[in-house]
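This report concerns only the one structure given below.
Every read-out reported here was derived from the displayed coordinates using simple, explicitly stated rules and does not represent laboratory data. All of these numbers come straight from a predicted model, not from anything done at the bench. Every residue, glycine as well, gets a Cβ built from its backbone with ideal geometry; the counts of neighbours run over all protein chains shown.
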Amino acid sequence: MKKIAVLVSGGGTNLQAILDAEKSGIIKSAKVVTVISDSEGAFALTRAEKAGVEAVCIPKKSADFEARLIGLLDEKNVDLIVLAGFLSILSSEFTRHFEGKIINIHPSLIPSFCGKGFYGLRVHQAALARGVKLTGATVHYVNEIPDGGRIIAQKAVEVLPGDTPEALQQRVMKEAEHVILPQAIEDICSVDAAESEGR
Ligand code: GRF
């Protein structure tokens, strides 16, 4: 059973999708062992507590933020780190330390509308401003380039006439993010599990 740490900053709907997927059996090769937020008030921490999962806050403003984060993740000896609505930019030292073990969910079809400054509603505002007919979500590995790591999974979502950024964000989360992130976690962890058991 692989151990997962989920890093959050906000509402935690992607975390909830992961926890629900553990319950429903979509995720059977892994378990969330800790949820870490960089923001005290993140509702994602409440979601973790309700699910009986360790919920930790390391405020992004703390001087030793990354050192504390690395220390906790090393102590837990996690197999996979999932950035789920996590807004802090991680240093190249951090991404090298956990090379190949960090994945992120981004609310667009990378390489569109990604990179520095593209997060949350801004992504959907840019998609609407450009007039794209299709957008969606991407799960990708995390390296030192913002949203630059290898793409793992994508799912397209239609942009509808009259869409506001908020409406589009909700549809992308519901129809794409909350579907491909749990599935990507299972796909990664089941392969690793098979390898470690020599299957
Ligand atoms: C979502 O738009 C997600 O794509 C992005 O952060 C936002 C909030 O996610 N990564 P969540 O509800 O906190 O999971």
Worksheet, complete the sentence: Helix-only [θ] at 222 nm, the chain, -39500 (n - 2.57) per DSSP H run of 4+, per residue, nearest 500, equals -11500 deg cm²/dmol
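Which helices, taking whole DSSP H runs in the chain, have alpha carbons extending 18 angstrom or more along the helix axis plus mean Kyte-Doolittle at least -0.5?
Working: long enough: 178-196 (28 Å, 0.51).
The answer, listed by residue number, is 178-196.
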Discussion item. Suppose R0 equals 25 Å. What FRET efficiency, 1/(1 + (r/R0)^6) with r the Cβ-Cβ distance, do residue 92 and residue 72 give to the nearest 0.05?
Written reply: 0.80
Worksheet entry | Order of 46, 95 - criterion: other Cβ atoms within 10 Å of each residue's Cβ, fewest first | 46, 95
Worksheet entry | Solvent-free Debye scattering, log10 I(q)/I(0), computed from the Cα coordinates of segment 1-118 at q = 0.21 Å⁻¹ | -1.30
Worksheet item: Using every alpha carbon pair in the chain, what percent of pairs falls into each 5 Å bin from 0 up to the bin containing the largest distance?
Response: 1, 8, 16, 20, 21, 16, 10, 5, 2, 0, 0
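Stretched out fully, how many nm does the piece from residue 99 to residue 26 gain, at 0.36 nm a residue minus the Cα gap? Working shown, then result.
Working: separation 73, 0.36 × 73 = 26.28 nm, distance 2.56 nm.
The residue 99-residue 26 span can extend by a further 23.7 nm.
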Worksheet item: How far, in nm, would the chain grow between residue 160 and residue 62 when pulled straight, counting 0.36 nm per residue and subtracting the alpha carbon separation?
Response: 31.1 nm
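Given the Cα atoms of segment 66-180, and with Rh set as the inverse mean 1/r over their pairs in the Kirkwood sense, what is Rg to Rh to two decimals? Let's see the in-between values first.
Details: Rg = 15.0 Å, Rh = 14.8 Å.
We get a ratio of 1.01 for segment 66-180.
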Item to complete: Note down the relative contact order for the chain as a percent, whole number, built from C-alpha pairs under 8 angstrom at least six residues apart.
Response: 22
Discussion item. If I histogram all Cα-Cα distances within segment 57-108 using bins 5 Å wide from 0, what percent of pairs lands in each bin?
Written reply: 4, 17, 30, 29, 14, 4, 1
